[in-house]
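First up is the structure itself, then whatever we jot down about it.
A short reminder: the numbers here are calculations on the coordinates, not readings from a lab. What you see is a predicted model, and the numbers here were worked out from it, not measured in a lab. Counting neighbours? That spans all protein chains shown, and the Cβs are built from the backbone with ideal geometry, glycine included.
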Amino acid sequence: MDSMAMTLRLTEEQERALAMLAEAQGVSKHEAVVRAIGEAAARRVRDDRVRALSEEGRSRYASLLDRLAQ
């Protein structure tokens, strides 16, 4: 696994939030950040997929949806 060093600059409020998140998860702040990134990425992929399926369904069943709306 390749890894890259990175500096993360946080406000005091963000630092407190990160510390609380890490403590709640029982992990280091580093691990909390890594998990948060992974969860946000997965959520975005799911949201995009749901949006695409919704658009596909609306297109496919447009006439039926129109009749039901009346």
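Per-structure values
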quantity	calculated
Residue match in the range 12-20 (condition: out of contact with any Gly (no Cβ under 6 Å at 6 or more places or on another chain), surrounded by 11 or more Cβ atoms within 10 Å (Cβ to Cβ) and not in a helix (DSSP H, G or I))	no
Qualifying position, being part of a loop (DSSP other than H, G, I, E, B) and out of contact with any helix residue (DSSP H, G or I) (no Cβ under 8 Å at 6 or more places or on another chain), among S59, S3	S3
Pairs with Cβ under 8 Å, 6+ apart, first in the range 25-53 and touching a residue at least 12 places away in the same chain (Cβ under 8 Å) and assigned to a helix (DSSP H, G or I), second surrounded by 11 or more Cβ atoms within 10 Å (Cβ to Cβ) and of a type outside the set (A, V, I, L, M, F, W, C)	A32/Q25
